[in-house]
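Written out below as structure tokens is the structure these notes cover.
Just so it is clear, none of the values below were taken in a lab; they were calculated from the coordinates. Small disclaimer: the values here were computed from a predicted structure and weren't measured. No Cβ is skipped: glycine too gets one built from the backbone with ideal geometry, and neighbour counts run over all protein chains shown.
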Amino acid sequence: MTFNLQGRCTCHALVYRITLDSPDDARTTLCHCHSCRRAFGTNYGLTTKIPIAGFQYEKGQPKTYTQDNGVTREFCDVCGVFICEYGEQAKDKFRYVMWGTLDEPDGLPPKGEFFCRERAGWMPEIPDVFHKQEIKE
Ligand SMILES: [Zn+2]
Ligand SMILES: [Zn+2]
């Protein structure tokens with residue numbers, strides 16, 4: 001029994017599928033770092049970590065951009081929506097999928113928060129998840 005999820009960008013040019021043995025193989029986290037803030041255009045980034053073998057595009061090819069800190073993001077070159085990201089060390093192992101691009105993300109609630117020291121002052125902690133002051137791997 002596999003766990004399947006689908007997601008896409010706003011314009012439907014990119015459609016992807018996630019296939020996992022179990023939803024426990026996915027891990028959704030918030031990241032309050034300044035890099036995520038700017039990329040997402042909000043006060044935190046929200047991604048779901050997926051083993052790379054479980055992530056594939058069914059339609060379209062993304063554009064990629066690697067920023068100074070080594071984080072690469074894959075995005076739609078038509079509508080501009082970010083689909084996923086990964087650091088240099090995660091490149092061959094994981095995809096951090098932008099949670100909001102999943103068709104049905106509610107089954108993957110956050111398990112933790114990273115870079116809490118950079119949390120926006122008005123943003124409360126999420127209860128009953130782990131809280132780290134800094135790093136995401
Ligand atoms: Zn698009
Ligand atoms: Zn971050």
Inset, instruction - Could you run the Karplus curve 6.51 cos²θ - 1.76 cosθ + 1.60 with θ = phi - 60° over region 46-56 and give me ³J(HN,Hα) per residue in whole Hz, x for Gly and Pro? - result: 10, 10, 10, 7, 10, x, 4, 5, x, 10, 8
Inset, instruction - Calculate one ³J(HN,Hα) per residue across region 100-111 by plugging θ = phi - 60° into the Karplus curve 6.51 cos²θ - 1.76 cosθ + 1.60, and present them in order as whole Hz with x for glycine and proline. - result: x, 8, 6, 5, 9, x, 5, x, 10, x, x, 9
Inset, instruction - Return the FRET efficiency for the residue pair Asp128, Val15: r is the Cβ-Cβ distance, R0 is 30 Å, and the value is rounded to the nearest 0.05. - result: 0.35
Inset, instruction - Once you have the Kirkwood Rh of the chain from its Cα pairs, apply Stokes-Einstein at 20 °C and 1.002 mPa s and quote D in µm²/s. - result: 141 µm²/s
Legend entry - Prolate/oblate/rounded label for region 1-77 (Cα gyration tensor, a/c 1.5): oblate
Inset, instruction - Within region 104-137, which residues have the backbone N less than 12 Å from the label spot 7 Å out from His34 along Cα→beta-carbon, could you tell me? - result: 118
Inset, instruction - Would you kindly compute the Cα radius of gyration of region 63-137 and its largest Cα-Cα separation (Dmax), both in Å? - result: 14.1, 39
Legend entry - Pairwise centroid distance, computed over Cα atoms, of region 15-64 with region 103-128, Å: 14 Å
Inset, instruction - Express the relative contact order of the chain as a whole percentage, based on alpha carbon pairs under 8 Å and six or more residues apart in sequence. - result: 27 percent
Legend entry - Theoretical ellipticity at 222 nm over the chain - DSSP helices of four or more residues, -39500 (n - 2.57) apiece, nearest 500: -1500 deg cm²/dmol
Legend entry - Label-reachable residues, region 21-45, where backbone N falls under 14 Å from a point 7 Å from Glu104's Cα toward its Cβ: 23
Inset, instruction - May I ask you to compute the full-extension gain from Thr2 to Ile135, defined as 0.36 nm times their residue separation minus their alpha-carbon distance, rounded to one decimal in nm? - result: 44.8 nm
